[in-house]
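Here's the structure we're looking at; comments come further down.
The values are calculated or read from the model by the stated rules, or taken from the named source; none is laboratory data. Keep in mind the model is a prediction, meaning the values are calculated, not measured. A quick note on method: Cβ atoms are made from the backbone with ideal geometry, for glycine too, and the neighbour counts reach across all protein chains shown.
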Amino acid sequence: MYAITSNAMRYMEEYTMSAGIPGNVLMELAGKSVAEEIILRFPNPKTSILILCGSGKNGSDGLVCARWLLNKNYLNTSILFVGDRGKISSEFFEQAEMLVKLHPKVDIDELSYGNRTTKNINADVLVDSIYGIGLNRQLKERDIELINYINTQSSYKISVDIPTGLEASEGKVMGTAIIADLTLTFGYYKTGMFFGRGKEYCGEVKLIDIGLSKEGLKNIPDKITICNREFYDKTVADALIRRNESGHKGSFGTVGIVVSSKGMLGASILVARSAYRSGCGLVKILCPKESVSTFNANIPEAVVVPYNERSVCRELEDFINGVDVVLIGPGLSEDVLGETLVDTVLEGNTPAVFDAGALNIIAGRLDKFHKRKCQCVLTPHLGEMARLCGLSKRKVISKLPSYTYIFSQDYKVSVVAKSDISLICLDRHETGNELFLNTTGNSGLATAGSGDVLAGVIASLIAQGNSLNDSLLYGVMIHGIAADKSATTENLRRRMMAGDIVDNLFL
């Protein structure tokens, strides 16, 4: 399944209509589906339902919904027009006429601007069909007043397609927005539901199939594949190499971790543990000699190789030639030694995972990164992504898919921009880049060390012979699924530590 922008959604509707399906058929399916979902969740026909309709297509969907509810004897259904009389669409007139003919007793009430918040806007269920995905301007003061009042009501709030006030592509709040308990969105998820402040306002999101032609998707380059647990379960067997039950440690690859002299050793320990838990056969750690005892004590399964700073380049070259993938960055000091280590890895031929401190070093020497010899993947959080792009964090967040795509394309590298919902851009070379949105995981991942665990998972999958792209994409999902297993309640998410994620990998 995909998430698309509001412009792409309009294109998909137009493409479907050009294929012979009239717009009023799509509207009928949309409104009927909303009614069916209400009936499913509120099976008592005496449930009071108030449908708030704007003057455009979204309001028209609400009228269709009202008609179907009344058809099913939900007679306690009422309609409140809260739109602009001067902007009533032809679709709204058509649906209103049909509704009144079939249900002559129905009254489409109107809320005048002067008494919007004094009117009793309350029911068991409030249906928000005021503005849809076309909203691209700040709401008027009267709309803001109305929406703020709606948000104070205890009613169960259902938004049609997207909560009113939430911009559909970037998730911007246009003054204010309805805080929905449930959003019923049509055809495809809207990207604004995942980015910006979308998650704060959408509540539960359910996708409604209204029969849009799937052929039009091939013409939408910025569509984003949604990676949830269902996607993982359906695709992982074909994506990742099966484990050979007669194999030995050499069969499952070696992960090499590079540690600097002033680094945070705990980060590297987490990386090593997660790499082992993800199935690699051996972990080697290249570190200063004074750190050897720490690693031996905390991760005895690893082979620890000491280096001398005066000859570190030669020793690192030998080290990376003896592993299947090299991971550098967790706990890495951003100093001259750190720069030397990163440059040496860039100039090698061993696949690499760059994380944390290594990313900040790369951000300051993108010319060298562009000329690198190694194949690699990058795992920045949003602050590191901003530094890589040379922009403010706020600007990158505002258009994360665009900036991530452009960076990936310009530097021919696959990237995961880590956030509450991580965005992955895979470099596909000749066929063009692809965007993926990971929805596995939870707020428990917002803890020190969780990014180190992810880096270890990705490196381990690469070491086992999986492609860099599959290792990045599925590593992110495996990491998120482990977090979901670690914390099934809010209190468990509150107390989760990075080590808990390691312990739940592949369980």
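Which of the residues belonging to region 409-418 are closer than 25 Å to residue 501 by Cβ, in contact with a Gly (Cβ under 9 Å, 6 or more places away or on another chain) and without any contact (Cβ under 8 Å) to a residue 60 or more places away in the chain?
Across region 409-418, the qualifying residue is only 418.
Any idea which of (1) in contact with an Asp or Glu (Cβ under 9 Å, 6 or more places away or on another chain); (2) in a helix (DSSP H, G or I); (3) without any contact (Cβ under 8 Å) to a residue 40 or more places away in the chain; (4) over 19 Å from residue 267 (Cα atoms) is the one residue 401 doesn't satisfy?
(3)
Every residue in region 242-263 that is out of contact with any helix residue (DSSP H, G or I) (no Cβ under 9 Å at 6 or more places or on another chain) and not hydroxyl-bearing (Ser, Thr, Tyr), please.
The initial filter retains those residues of region 242-263 that are out of contact with any helix residue (DSSP H, G or I) (no Cβ under 9 Å at 6 or more places or on another chain), namely 242, 245-251.
Within region 242-263, 242, 245, 247, 248, 249, 250 meet the criteria.
When region 29-82 is examined, which residues are found to be among the hydrophobic types (A, V, I, L, M, F, W, C), buried (at least 22 other Cβ atoms within 10 Å of the Cβ) and under 19 Å from residue 208 (Cα atoms)?
30, 34, 35, 38, 51, 63, 64, 65, 66, 69
Condition check ((1) more than 34 Å from the chain's Cα centre (by Cα); (2) within 21 Å of residue 357 (Cα to Cα)) across all residues:
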{"residue": "258", "(1), (2)": "no, yes"}
{"residue": "264", "(1), (2)": "no, yes"}
{"residue": "268", "(1), (2)": "no, yes"}
{"residue": "287", "(1), (2)": "yes, yes"}
{"residue": "293", "(1), (2)": "yes, no"}
{"residue": "299", "(1), (2)": "no, no"}
{"residue": "308", "(1), (2)": "yes, yes"}
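Out of 260, 246, 274, 268, report the one residue that is assigned to a loop (DSSP other than H, G, I, E, B), of a type in the set (Gly, Ala, Ser) and buried (at least 23 other Cβ atoms within 10 Å of the Cβ).
Values: 246 fails: buried (at least 23 other Cβ atoms within 10 Å of the Cβ); 274 fails: assigned to a loop (DSSP other than H, G, I, E, B); 268 fails: assigned to a loop (DSSP other than H, G, I, E, B).
Just one listed residue meets the conditions, 260.
Please go through (1) in contact with an Asp or Glu (Cβ under 7 Å, 6 or more places away or on another chain); (2) among the hydroxyl-bearing types (Ser, Thr, Tyr); (3) over 20 Å from residue 208 (Cα atoms) for residue 156 and return the number of the only condition it doesn't satisfy.
Status for residue 156: all satisfied but (3).
Residue 224 is checked against (1) buried (at least 18 other Cβ atoms within 10 Å of the Cβ); (2) over 30 Å from residue 43 (Cβ atoms); (3) touching a helix residue (DSSP H, G or I) at 6+ places or on another chain (Cβ under 8 Å); (4) in the same structural domain as residue 12 (by TED's automatic domain parsing) and fails just one. What number does that condition carry?
(4)
Applying the selection to region 339-390, what residues are of a type outside the set (A, V, I, L, M) and closer than 19 Å to residue 449 by Cα? It would help to see each step written out before you state the result.
At the first step, the residues of region 339-390 found to be of a type outside the set (A, V, I, L, M) are 339-340, 343-344, 347-351, 354-355, 357, 360, 364-365, 367-376, 379-381, 383-384, 387, 389-390.
Hits for region 339-390 are 354, 355, 357, 360, 379, 380, 381, 383, 384.
Can you tell me which residues in region 475-507 are surrounded by fewer than 22 Cβ atoms within 10 Å (Cβ to Cβ) and hydroxyl-bearing (Ser, Thr, Tyr)?
488, 489
Looking only at region 405-414, decide whether some residue is assigned to a loop (DSSP other than H, G, I, E, B), under 28 Å from residue 368 (Cα atoms) and of a type in the set (Ser, Thr, Tyr).
Step one: filter region 405-414 for residues assigned to a loop (DSSP other than H, G, I, E, B), giving 412-413.
Keeping just the survivors that are under 28 Å from residue 368 (Cα atoms) gives 412-413.
Next, from what is left, pick out any that are of a type in the set (Ser, Thr, Tyr): none.
Checked region 405-414: no residue is assigned to a loop (DSSP other than H, G, I, E, B), under 28 Å from residue 368 (Cα atoms) and of a type in the set (Ser, Thr, Tyr).
Within region 192-208, is even one residue without any contact (Cβ under 8 Å) to a residue 24 or more places away in the chain, over 23 Å from the mean Cα position of the chain (by Cα) and assigned by TED's automatic domain parsing to the domain that holds residue 27?
no
Being at pLDDT 95 or above and under 23 Å from residue 217 (Cα atoms) is the requirement here; does residue 505 meet it? Steps first, please.
Details: at pLDDT 95 or above: yes; under 23 Å from residue 217 (Cα atoms): no.
So residue 505 fails the test.
So which residues in region 175-186 are assigned to a loop (DSSP other than H, G, I, E, B), surrounded by 24 or more Cβ atoms within 10 Å (Cβ to Cβ) and under 21 Å from the mean Cα position of the chain (by Cα)?
Of all residues in region 175-186, those assigned to a loop (DSSP other than H, G, I, E, B) come to 175-181.
Subsequent filtering for residues that are surrounded by 24 or more Cβ atoms within 10 Å (Cβ to Cβ) retains 177-178, 180.
Listed by number, the residues that qualify are 177, 180.
Is at least one residue of region 113-125 of a type outside the set (S, T, N, Q), at pLDDT below 95 and farther than 20 Å from residue 77 by Cα?
So far as region 113-125 goes, yes, one or more of its residues are of a type outside the set (S, T, N, Q), at pLDDT below 95 and farther than 20 Å from residue 77 by Cα.
Inside region 39-67, can you point out the residues that are free of Cβ contacts under 8 Å to residues at least 12 places away in the same chain and over 30 Å from the mean Cα position of the chain (by Cα)?
Passing the criteria: 43, 44.
Could you name every one of the helices (runs of 4 or more DSSP H) located completely within region 55-174 that has at least 2 residues being more than 25 Å from residue 3 (Cβ to Cβ) and polar (S, T, N, Q)?
On the way: elements: 57-71, 90-102, 141-152.
Once the helices (runs of 4 or more DSSP H) in region 55-174 are filtered for at least 2 residues that are more than 25 Å from residue 3 (Cβ to Cβ) and polar (S, T, N, Q), what remains is 90-102, 141-152.
Would you mind listing the helices (runs of 4 or more DSSP H) fully within region 419-507 where at least 3 residues are over 19 Å from residue 273 (Cα atoms) and touching a residue at least 24 places away in the same chain (Cβ under 8 Å)?
Numbers: elements: 450-463, 468-486, 490-495, 498-503.
Where helices (runs of 4 or more DSSP H) fall fully within region 419-507 and carry at least 3 residues being over 19 Å from residue 273 (Cα atoms) and touching a residue at least 24 places away in the same chain (Cβ under 8 Å), they are 468-486, 490-495.
Is there any pair with a first residue in region 337-361 that is in the same structural domain as residue 457 (by TED's automatic domain parsing) and within 20 Å of residue 389 (Cβ to Cβ) and a second that is aromatic (Phe, Trp, Tyr) and modelled with pLDDT under 95 whose Cβ atoms are under 9 Å apart and which are 6 or more apart or on different chains, and what are they?
Filtered contacts from region 337-361: no entries.
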